[in-house]
Amino acid sequence: MRNEPGRTPSQTEPRMDRAGHAVAGSASPPVSGEQIHEEHRHLRELLERIGGTRELEPLLDLLGELNGALEIHFEHEEAPGGLHDVIDSSAPHLLERVDALFDEHRRCLEELERLRAAARATLDGPIAEVLRGVDALCRMLHEHEAAETEILSESLYDELGGSG
C-alpha cells in the first residue's frame with residue numbers, strides 16, 4: 001500500500017490490495033525488519049533451488065511455492081507498517097525507489113504466472129504428446145517382442161519334432 005507524502009497510516013486501517021481496494025478482515029500488524037529479512041533469506045534459497053531445477057514438473061511445483069511466498073512477502077512489504085512506512089519515517093528521500101519496487105512486485109507476479117501457465121501448457125501439450133508416443137512405442141515393442149518370442153518358440157517346437 002502506498003501512502004501519500006507525509007501521511008503515516010494507523011495500524012488499524014484496513015489492508016489494501018494491489019489495486020487499492022480494502023481487503024476484508026482486520027488490519028495486519030506491522031511486520032518486523034527481522035521477518036522481512038527472514039522472508040528474503042527464504043526467497044533467495046527458493047530462487048537457488050529453482051535455478052538448479054531442469055525438470056519441468058518439479059520446476060512447476062517450485063514456481064507455485066515461489067508464487068505463494070512472494071504474495072505473502074509483497075503483502076507484508078506493502079501493508080501498513082511495512083517497507084513504505086519504515087522508509088517514510090527514516091529516509092523519505094528513498095520513497096520514489098520504494099514505489100518503483102512496489103510497481104515491480106506486480107510485474108514479477110505477472111511474469112511468474114505467465115511462466116507457470118507456459119509450463120502447465122508444455123506439460124499438458126508437447127511433453128504429454130511425447131509421453132503418449134513413448135507409451136505407444138513401448139506397447140508396440142512389447143507386442144513385437146512377444147510375437148518374435150512366439151515364432152521362436154514355435155520354431156523350436158517344430159525343430160524338436162513337435163509338429164506333426
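For the range 30-123, which GluC sites (Glu not before Pro) pass both filters: DSSP loop (anything but H, G, I, E, B) and at most 16 other C-beta atoms within 10 Å? Taking the range 30-123 and a limit of 16 other Cβ atoms within 10 Å, the loop GluC sites (Glu not before Pro) found are Glu55. For the range 44-121, what is the Kirkwood estimate of the hydrodynamic radius, computed as the reciprocal of the mean inverse distance between distinct Cα atoms, to one decimal in Å? Roughly 13.9 Å, rounded to one decimal.
Work out how much length Leu56 to Leu156 would gain on full extension: take 0.36 nm times their residue separation and subtract the Cα-Cα distance, in nm to one decimal. Gain in length upon complete extension: 31.2 nm. With 0.36 nm allotted per residue and the present C-alpha distance subtracted, the His42-Leu109 stretch has 22.4 nm of extension available. Each 5 Å bin from zero holds the following percent of Cα-Cα pairs in the range 19-162: 2, 8, 11, 13, 12, 10, 8, 6, 5, 4, 4, 4, 3, 3, 3, 2, 2, 1, 1, 0.
Work out the FRET efficiency for Ala118 and His144 from their Cβ-Cβ distance, taking R0 = 41 Å, and round it to the nearest 0.05. Once the sixth-power term is evaluated, E becomes 0.65. Charged side chains reduced to their Cβ positions (Lys and Arg at +1, Asp and Glu at -1) give the range 21-164 a dipole of some 440 debye around its Cα centre.
Site pair Arg97 and Val130 shows an inter-label distance of 4.4 nm when each label is modelled 7 Å from Cα along Cα→Cβ.
The numbers here are math on the coordinates, done by the rules we state, and not lab data. In this text the structure is predicted, and so the values were computed from the model without any measurement. Please note: Cβ atoms are built from the backbone with ideal geometry, for glycine as well, and neighbour counts cover all protein chains shown.
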